[in-house]
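Below is one structure, written out as structure tokens; the observations come after it.
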2 protein chains.
Amino acid sequence: MNIIPSLSIDCVIFGFHEKKLKVLLLEYDKEQLDAPVKNPDAFAPYTETEPDGKFPYEKPIGLPGGHVPVDRSINDYARDILETATGIKDIYLKQLGAFGETERVSFLRVVSVVYYALINPEHYSIRGSSLLKSLEWYDIDKVPELIFDHNAMIEKALKRLREEVQIRPVGFHLLPEMFTLTQLQQLYETVLGIELDTRNFRKKIQKMHLVVDTGKMQTGVAHRAARLFRFDKKVYEMLAEQSFSFRV
Amino acid sequence: MNIIPSLSIDCVIFGFHEKKLKVLLLEYDKEQLDAPVKNPDAFAPYTETEPDGKFPYEKPIGLPGGHVPVDRSINDYARDILETATGIKDIYLKQLGAFGETERVSFLRVVSVVYYALINPEHYSIRGSSLLKSLEWYDIDKVPELIFDHNAMIEKALKRLREEVQIRPVGFHLLPEMFTLTQLQQLYETVLGIELDTRNFRKKIQKMHLVVDTGKMQTGVAHRAARLFRFDKKVYEMLAEQSFSFRV
DNA sequence: GCAAAAGTGTTGCCGCTACACCCATGC
DNA sequence: GCATGGGTGTAGCGGCAACACTTTTGC
């Protein structure tokens with residue numbers, strides 16, 4: 001499979017679990033990275049090496065990514081990476097932008113187009129394809145030092161997510177199909193880093209007609225069971241297109 | 001000068017003049033395009049050719065752009081293009097995103113990173129470097145058919161500008177250093193495609209402390225002369241960082 | 001003096017914020 | 001029965017939209 005050597009894709013995959021915003025990172029296999037690509041048709045993570053054939057990180061942790069095949073569009077290939085990393089389809093995915101400092105990869109000139117994705121915690125146990133054994137969720141504020149400029153990519157993606165969440169109702173993608181209003185509120189509190197008034201939050205959400213009562217209730221909790229809601233796809237799609245004020 | 005063949009940069013340069021939003025386009029020199037690059041150290045527009053050495057457009061109009069040199073960051077090179085096209089520095093410039101469909105350029109796989117810029121009409125007479133004789137401002141709603149996917153790029157840039165203008169005070173970059181409040185209002189009306197109430201608009205703008213009275217007045221107009229304002233850089237920078245509601 | 005745009009205040013309504021207590025469930 | 005989070009209403013304030021007339025200038 002022919003790739004474009006000077007162009008790669010990286011994906012910032014966000015998750016939300018127990019009031020924490022998470023990002024999915026990959027510990028790259030140093031031996032695989034040091035060796036020539038063995039399985040070039042499969043998902044190929046970074047395969048650039050220094051002139052001596054070594055990869056310049058002891059414990060290379062980074063975003064899932066890879067080089068773009070000449071016959072795949074960048075959007076399609078970002079989706080390939082995402083599906084390989086998570087094992088699921090139909091994920092909210094958007095382009096963040098291109099990172100193109102000359103020295104961002106020390107031993108090669110490569111520009112990376114970065115995407116960000118929102119996935120919901122029903123899929124948290126899924127660990128991607130067998131090629132990627134060492135995928136791990138990291139708290140957004142406990143991300144270690146990563147390869148290349150991947151820390152900067154996450155930072156920028158987070159900034160974008162904070163903006164996005166205020167002008168489009170995208171937050172829902174981080175929740176399971178049925179969720180409580182408290183979960184939704186905690187999501188916004190976490191992403192925006194502020195506290196919200198419960199009563200006011202609920203009024204605002206209900207007025208938007210974005211969520212509908214499923215009639216079902218939480219079970220197995222040591223307190224009053226909460227109603228479960230799902231969000232209304234039709235209203236969502238209407239609101240998602242026309243940029244809309246979602247100040248919660 | 002070594003370039004990255006699979007990577008190009010394009011710039012959507014917006015201007016505002018007489019209540020119209022404009023975009024700066026370039027009629028590429030077919031003969032220069034058909035021939036090998038004569039002056040590779042200077043601004044080199046698209047130099048891809050079909051296998052027979054011909055450029056596949058009769059009247060190739062498109063965005064100013066070029067292939068990225070291996071030793072320039074994409075941001076820096078976007079600025080180079082912008083300066084070559086306009087002849088001026090210190091322009092508001094931001095990345096829009098990467099366009100990477102496989103067939104976007106019919107005869108070569110090339111991904112383009114697109115930027116958008118806002119320039120003010122004091123510079124309207126400037127026509128860029130001598131290499132680029134055929135630069136022209138086009139009304140945003142009278143853009144002809146362009147090369148490659150440049151029409152789609154402009155459309156996306158416009159959409160982004162509409163969003164941007166509502167969450168950051170970027171509109172000012174489209175105005176001259178001193179401007180009247182009416183000009184400012186017309187700018188917002190044009191970009192957003194809506195009408196605004198003059199009194200309410202002025203109240204809102206003044207309350208933001210973003211514009212300051214220069215004490216000067218318009219001259220040579222066939223009606224009551226308007227006050228000239230400039231915008232306050234300090235307040236602007238404060239507000240520009242923290243995404244801020246600029247609902248006018 | 002007339003055409004053309006600048007400039008200016010008030011009122012009513014709506015939406016937002018602030019705020020505290022009872023309810024259901026598991027253990 | 002107690003600990004834990006679920007769920008609800010109101011009042012006051014501030015901000016926003018709607019709205020019309022006088023002023024200045026060039027010709």
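The values are calculated or read from the model by the stated rules, or taken from the named source; none is laboratory data. Since this is a predicted model, take the numbers as computed values, not measurements. Neighbour counts are summed over all protein chains in view; Cβ atoms, including those assigned to glycine, are modelled from backbone coordinates with ideal geometry. Surface areas here come from the heavy atoms of the whole protein model, side chains and all, with no ligands, DNA or RNA. Shrake-Rupley method; radii C 1.70, N 1.55, O 1.52, S 1.80 Å.
Just a few scattered comments:
- Selected residue [open to solvent by 40 Å² or more (accessible area, probe 1.4 Å), assigned to a helix (DSSP H, G or I), modelled with pLDDT under 90 and outside the structural domain of B:Gly193 (by TED's automatic domain parsing)] from B:Glu50, B:Glu31, B:Glu58: B:Glu31
- Restricting segment A:224-240 to residues that are without any contact (Cβ under 8 Å) to a residue 40 or more places away in the chain and within 14 Å of DNA strand D (Cβ to nearest atom) leaves a set whose member that is least open to solvent (accessible area, probe 1.4 Å) is A:Ala225.
- Unmet requirement for B:Val113, which otherwise passes all of (1) open to solvent by less than 10 Å² (accessible area, probe 1.4 Å); (2) among the aliphatic types (A, V, I, L, M); (3) modelled with pLDDT of 95 or more; (4) part of a helix (DSSP H, G or I): (4)
- Evaluated against (1) in contact with a helix residue (DSSP H, G or I) (Cβ under 6 Å, 6 or more places away or on another chain); (2) within 16 Å of DNA strand C (Cβ to nearest atom), B:Glu164 falls short on exactly one condition, (2).
- Residue check, A:Leu175 touching a helix residue (DSSP H, G or I) at 6+ places or on another chain (Cβ under 9 Å) and within 30 Å of A:Phe99 (Cα to Cα): yes
- A search for C-beta distances below 7 Å between a residue of segment A:88-103 that is among the β-branched types (Val, Ile, Thr) and any residue that is open to solvent by 30 Å² or more (accessible area, probe 1.4 Å) and outside any loop (DSSP other than H, G, I, E, B), counting only pairs 6+ apart in sequence or on different chains, returns A:Ile88/A:His123.
- Which listed residue is part of a loop (DSSP other than H, G, I, E, B) and either at pLDDT 95 or above or assigned by TED's automatic domain parsing to the domain that holds A:Glu155 (or both), from A:Phe16, A:Phe43: A:Phe43
- Of all residues making up segment B:63-85, the number that are away from chain A (no Cβ under 14 Å), in contact with a strand residue (DSSP E or B) (Cβ under 7 Å, 6 or more places away or on another chain) and in a helix (DSSP H, G or I): 2
- Leading residue by the ranking (farthest from DNA strand C (Cβ to nearest atom)) among those in segment B:172-207 that are closer than 24 Å to B:Asp141 by Cα and touching a strand residue (DSSP E or B) at 6+ places or on another chain (Cβ under 8 Å): B:His173
- For segment B:82-110, filtered to residues that are open to solvent by less than 10 Å² (accessible area, probe 1.4 Å) and either among the basic types (Lys, Arg) or at pLDDT below 95 (or both), the residue that is farthest from the chain's Cα centre (by Cα) is B:Val105.
- When the residues of segment A:194-214 are filtered to those that are of a type outside the set (Val, Ile, Thr) and in contact (Cβ under 8 Å) with a residue 12 or more places away in the chain, the one that is nearest to DNA strand D (Cβ to nearest atom) is A:Arg202.
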